[in-house]
Amino acid sequence: MTSYDRPTTDAHAHPDSSRGSSSAPPGQGAEGAPDGRQVTEAALFEAFGGVRGMVETVVPGLLFVTIFTINKDLHVSAIAALAVSLVLAAVRLVRKDTVKHAFSGVFGVAFGVVFAMMTGNAKDFYLPGMLYTLGLAVAYIVTTLAGVPLIGLMLGPVFKENLSWRTRNPGRKTAYAKASWAWGLILLAKCAILFPLYWWADTTQLGWILIALKIPPFLLAVYLTWIFLAKAPPPIDVFAEMEAKEKAEEEAEERRRTERESLDGVADGLGRDLVQEITAEPPADRPPGGGRHRR
């Protein structure tokens with residue numbers, strides 16, 4: 001167990017101890033710092049891509065189902081969806097933005113295109129995404145049952161707390177568990193709607209229903225995550241702790257070096273005094289031989 005995973009009894013582990021009365025304006029802490037809700041909101045936007053990430057997730061599928069509804073041409077619909085996803089990724093590259101959300105969309109669309117082209121069934125364009133959603137729902141639930149909720153693994157680095165919430169911040173571990181349950185159950189409910197439609201509905205019906213279910217469940221899960229984490233104890237910034245530890249070690253080493261230099265200076269001074277005393281000539285009135293007379 002590392003020094004950042006050991007149990008602690010500081011204010012991070014007790015939410016009440018860090019929430020005293022304050023005259024700071026709403027949305028800020030006692031010293032003007034952003035409160036837990038603002039920090040959580042910013043972290044969620046960073047982790048899930050915000051509005052732009054949602055747009056990049058929806059647009060390729062929307063273009064596919066629109067074109068297919070009009071002309072029933074699988075190849076044109078698939079190529080158009082893949083092209084727009086590549087354009088969105090290229091825009092992020094040109095602007096030097098984070099590309100993980102755009103590229104995840106590109107890979108998702110590419111898999112859908114490959115499946116649909118291989119089988120010749122336009123509905124298979126949606127199958128990889130549906131399987132991914134099912135797998136993600138199972139992962140949220142299984143990791144929560146195992147004591148390491150997936151949402152905590154995802155957001156821990158964003159909050160600069162890494163895995164400290166597992167043993168040092170039980171309130172946040174509980175919040176992450178609740179959020180992971182919410183994500184898992186919401187995604188399972190979405191799969192319970194989509195998979196029967198995959199077998200019973202036609203491509204156009206499945207596509208429009210899938211587009212309609214793209215954003216609302218996601219927003220609900222993000223909102224519940226925000227509620228759970230905003231009420232949880234603040235994260236423990238292990239990066240700041242490591243920096244403080246390194247700084248303390250450097251200061252301690254500097255003090256030891258200064259002390260060694262001081263002791264060396266004292267020792268050198270005493271040595272010089274002793275050498276001078278030993279090598280000094282005896283007084284002129286003292287006879288040689290230590291003052292003893294010959295017989």
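The values are calculated or read from the model by the stated rules, or taken from the named source; none is laboratory data. Please read all numbers here as calculations on a predicted model, not as lab measurements. All Cβ positions, glycine included, derive from the backbone under ideal geometry; neighbour counts span all protein chains shown.
From the list 272, 295, the lone residue that is modelled with pLDDT under 75, over 60 Å from the mean Cα position of the chain (by Cα) and surrounded by 10 or more Cβ atoms within 10 Å (Cβ to Cβ) is 272. Selection of region 65-88 for residues being among the β-branched types (Val, Ile, Thr) and closer than 21 Å to residue 205 by Cα yields 65, 66, 67, 69, 70, 76, 79. So, in region 27-75, of the ones that are within 22 Å of the chain's Cα centre (by Cα) and of a type in the set (Lys, Arg), which residue ends up modelled with the highest pLDDT? By that ranking, first place goes to 52. Selection within region 159-200: residues that are β-branched (Val, Ile, Thr), touching a residue at least 24 places away in the same chain (Cβ under 8 Å) and out of contact with any Lys or Arg (no Cβ under 8 Å at 6 or more places or on another chain). The member of this set that is nearest to residue 235 (Cα to Cα) is 174. Of the numbered criteria (1) assigned to a loop (DSSP other than H, G, I, E, B); (2) touching a residue at least 40 places away in the same chain (Cβ under 8 Å); (3) not aromatic (Phe, Trp, Tyr), the one residue 77 fails is (1).
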